[in-house]
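The values are calculated or read from the model by the stated rules, or taken from the named source; none is laboratory data. As the structure is a computational prediction, the values presented were derived from the model and not from experiment. Backbone-built Cβ (ideal geometry, glycine too); neighbour counts: all protein chains shown.
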Amino acid sequence: MNELRREPLLGRWVVVVGDSLGPEDYHLPEEAPAETGCVLCEEHGTERFKLDDQSGKWRIRVIEPEDSFFTLQEEMGRKGVGIYDRMNAVGLTEVVIESPEHDRAPEDYGDDHFSDLIEVFYQRLKTIEEDPRIRYVMIHKNCGLQSGDPFGHPHTYITATPVIPMRIKAELDGAKNYYGYKERCIFCDIMHEELRSKERIVMETERFLVFTPFAARFPFECWILPRRHRCSFKDTDPDERKDLGVVMRRLILAMRKVLRDPPYNYVIHTAPSRIPRMAQWHTLGEDYHWHIEVMPRIRKLTGFELGSGMYILTTSPEDAAKYIKEEVAYGD
Ligand SMILES: [Zn+2]
Ligand SMILES: [Zn+2]
Ligand SMILES: [Zn+2]
């Protein structure tokens, strides 16, 4: 029997099909062969940060690409045109090149490499948020052609915008509303419920919980939640970041194994910069809880889903959790 489920944060409905598809039922279109020449292998853009190995060769490098959508060189230029609003694309795009080797992903190195990568995200977030024009910093990964990956070289994007993106705003509003009538953080409540039911848990460590959300959008979608309540990724401590590297690496390796190297995206959802408009976010520290959403892209969205925002989940979160959990337990 198919089932409708309501996601508690955004109030979005999803259809969970009764008979889950197994990982082997998803057939991905062949990826096109890589074009010759990779800009991330060559010198490209302006270097903003790097981590070297012992021999002085870079392991992780952050660049500002030449063709960024956003730039910090401009005034905001905010104005109304009739009923419309417009402003200059003030902001910043950075590419974190996660590996000097084109065909070697960060999870193919050791845990330390992944933890260093998390540390780089943290350092960049802290630095970029110092600019008062920036309202939101989004750290997001595209891996595989179907995910919108333009390079084919392991990388993550950091995009800083002068506005809060709609999806983030909806999440912040949802968390704030929930807090408004329950005086509790919705993410902490979700975490308690997941730990109580245990049906969707993929991995547990001292500092993190990984689970498939009750009303996920994508089959095999996983969320990573820190056990310690903090609204911003900027408020993490060094032990958390080290542990996060281990957790992410294990999850991605398990996902690659179970779904045969799927294209995927992940995004770090963190609080907006609180420097501008401090008053607007007075309960933010209590009501929002930073987290990571990992979304395999193994199924194309239909017109119904794009038009309605109501997703069809062809593998139940409970079944997906079992498949990944098994690989997490036995992998490595
Ligand atoms: Zn490359
Ligand atoms: Zn919380
Ligand atoms: Zn989120």
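Would you point out which residue out of PRO263, PRO276 is away from ligand 1 (no atom under 16 Å from the Cβ), under 19 Å from the mean Cα position of the chain (by Cα) and at pLDDT below 95? Show your work before the answer.
Values: PRO276 fails: under 19 Å from the mean Cα position of the chain (by Cα).
Just one listed residue meets the conditions, PRO263.
Would you check which residues across segment 302-332 are surrounded by 13 or more Cβ atoms within 10 Å (Cβ to Cβ) and outside any helix (DSSP H, G or I) and list them? Show your work before the answer.
Of the residues in segment 302-332, the ones surrounded by 13 or more Cβ atoms within 10 Å (Cβ to Cβ) are 305, 310-328, 331.
Residues satisfying the conditions are MET310, TYR311, ILE312, LEU313, THR314, THR315, SER316, GLY331.
Sort out which residues of segment 130-152 are over 18 Å from the mean Cα position of the chain (by Cα) and buried (at least 21 other Cβ atoms within 10 Å of the Cβ), and write them in order of number.
Listed by number, the list holds a single entry, ILE134.
Which condition from (1) touching a Pro at 6+ places or on another chain (Cβ under 7 Å); (2) not in a helix (DSSP H, G or I) is the one that HIS113 breaks?
With (1) touching a Pro at 6+ places or on another chain (Cβ under 7 Å); (2) not in a helix (DSSP H, G or I) applied to HIS113, the lone miss is (2).
I'm checking my understanding of the structure. Among residues of segment 282-294 that are buried (at least 18 other Cβ atoms within 10 Å of the Cβ) and in a helix (DSSP H, G or I), which one is modelled with the highest pLDDT? Quick ask: steps written out before the conclusion?
Taking segment 282-294 as the starting set, the residues that turn out to be buried (at least 18 other Cβ atoms within 10 Å of the Cβ) are 284, 287-294.
Now drop any that are not in a helix (DSSP H, G or I), which leaves 284, 287.
On the way: LEU284: 90, ASP287: 94.
Once the filter is applied, the top-ranked residue is ASP287.
Of all residues being out of contact with any Pro (no Cβ under 7 Å at 6 or more places or on another chain) and over 30 Å from GLU74 (Cα atoms) in segment 90-103, which is surrounded by the fewest Cβ atoms within 10 Å (Cβ to Cβ)? Just the residue, please.
Applying the first criterion (out of contact with any Pro (no Cβ under 7 Å at 6 or more places or on another chain)) to segment 90-103 yields 92, 94, 96-97, 100-103.
With over 30 Å from GLU74 (Cα atoms) added as a condition, the list becomes 100-103.
Numbers: PRO100: 16, GLU101: 13, HIS102: 13, ASP103: 10.
Only one residue tops the list, namely ASP103.
Return the pair list, or none, for Cβ contacts closer than 8 Å from residues in segment 291-314 that are farther than 30 Å from ARG230 by Cβ to residues that are outside any helix (DSSP H, G or I) and of a type in the set (Phe, Trp, Tyr), at least 6 apart or on different chains.
From residues that are farther than 30 Å from ARG230 by Cβ, the pairs are ILE298/TYR26; ILE298/PHE218; ILE298/PHE220; ARG299/TYR26; ARG299/PHE218; LEU301/TYR311; GLU305/TYR311; MET310/TRP13.
Between LEU244, LEU253, which is part of a helix (DSSP H, G or I), crowded, with 21+ Cβ neighbours inside 10 Å and either within 16 Å of ligand 1 (Cβ to nearest atom) or under 17 Å from the mean Cα position of the chain (by Cα) (or both)? Lay out the reasoning, then the answer.
Numbers: LEU253 fails: crowded, with 21+ Cβ neighbours inside 10 Å.
Among LEU244, LEU253, only LEU244 is part of a helix (DSSP H, G or I), crowded, with 21+ Cβ neighbours inside 10 Å and either within 16 Å of ligand 1 (Cβ to nearest atom) or under 17 Å from the mean Cα position of the chain (by Cα) (or both).
From ILE164, ILE190, ILE168, which residue is under 18 Å from MET295 (Cα atoms) and within 16 Å of ligand 3 (Cβ to nearest atom)?
Working: ILE164 fails: under 18 Å from MET295 (Cα atoms); ILE190 fails: under 18 Å from MET295 (Cα atoms).
Answer to the selection: ILE168.
Report, by residue number, each residue of segment 127-159 that is charged (D, E, K, R) and either free of Cβ contacts under 8 Å to residues at least 24 places away in the same chain or more than 17 Å from HIS269 (Cβ to Cβ) (or both). Full working, then the answer.
Applying the first criterion (charged (D, E, K, R)) to segment 127-159 yields 129-131, 133, 135, 141, 149.
Passing the criteria: GLU130, ASP131, ARG133, ASP149.
Consider ARG260 against the criteria (1) without any contact (Cβ under 8 Å) to a residue 60 or more places away in the chain; (2) loosely packed, with under 15 Cβ neighbours inside 10 Å: it satisfies all of them except one. Which criterion is unmet?
(1)
Condition check: of a type in the set (Asp, Glu), in contact (Cβ under 8 Å) with a residue 60 or more places away in the chain and either within 16 Å of ligand 2 (Cβ to nearest atom) or outside any loop (DSSP other than H, G, I, E, B) (or both). Does GLU107 satisfy that? Walk me through it before giving the result.
On the way: of a type in the set (Asp, Glu): yes; in contact (Cβ under 8 Å) with a residue 60 or more places away in the chain: yes; either within 16 Å of ligand 2 (Cβ to nearest atom) or outside any loop (DSSP other than H, G, I, E, B) (or both): yes.
In short, yes.
Among (1) within 25 Å of LEU21 (Cα to Cα); (2) in contact with a Leu (Cβ under 8 Å, 6 or more places away or on another chain), where does PRO272 come up short?
Exception for PRO272: condition (1).
Residue-wise test of (1) in contact (Cβ under 8 Å) with a residue 12 or more places away in the chain; (2) out of contact with any Gly (no Cβ under 9 Å at 6 or more places or on another chain); (3) closer than 19 Å to GLU318 by Cβ.
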{"residue": "ARG167", "(1), (2), (3)": "no, yes, no"}
{"residue": "ASP173", "(1), (2), (3)": "no, yes, no"}
{"residue": "LYS176", "(1), (2), (3)": "yes, yes, no"}
{"residue": "TYR181", "(1), (2), (3)": "no, yes, no"}
{"residue": "CYS188", "(1), (2), (3)": "yes, yes, no"}
{"residue": "MET191", "(1), (2), (3)": "yes, yes, yes"}
{"residue": "LEU195", "(1), (2), (3)": "yes, yes, yes"}
{"residue": "ARG200", "(1), (2), (3)": "yes, yes, yes"}
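Name the single residue, out of those in segment 299-314 being among the β-branched types (Val, Ile, Thr) and touching a Lys or Arg at 6+ places or on another chain (Cβ under 9 Å), that is farthest from ligand 1 (Cβ to nearest atom).
Here the residue is ILE312.
Just for segment 1-28: of the residues that are closer than 20 Å to ASP189 by Cβ and aliphatic (A, V, I, L, M), which one is surrounded by the fewest Cβ atoms within 10 Å (Cβ to Cβ)?
Our first condition is that a residue be closer than 20 Å to ASP189 by Cβ; within segment 1-28, this holds for 5-14.
Then keep just the ones that are aliphatic (A, V, I, L, M); that gives 9-10, 14.
Values: LEU9: 18, LEU10: 15, VAL14: 22.
It comes out as LEU10.
Could you grab me the full set of residues in segment 146-187 that are of a type in the set (A, V, I, L, M, F, W, C) and farther than 30 Å from ARG78 by Cα?
As a first pass, look at segment 146-187 and keep what is of a type in the set (A, V, I, L, M, F, W, C): 151, 158, 160, 163-164, 166, 168, 170, 172, 175, 185-187.
Those that are of a type in the set (A, V, I, L, M, F, W, C) and farther than 30 Å from ARG78 by Cα: PHE151, CYS185, ILE186, PHE187.
Would you pick out the residues in segment 182-191 that are surrounded by fewer than 18 Cβ atoms within 10 Å (Cβ to Cβ) and under 20 Å from PHE214 (Cβ atoms)?
Narrowing segment 182-191 to residues surrounded by fewer than 18 Cβ atoms within 10 Å (Cβ to Cβ): 182-184, 188-189.
Hits for segment 182-191 are LYS182, ARG184, CYS188, ASP189.
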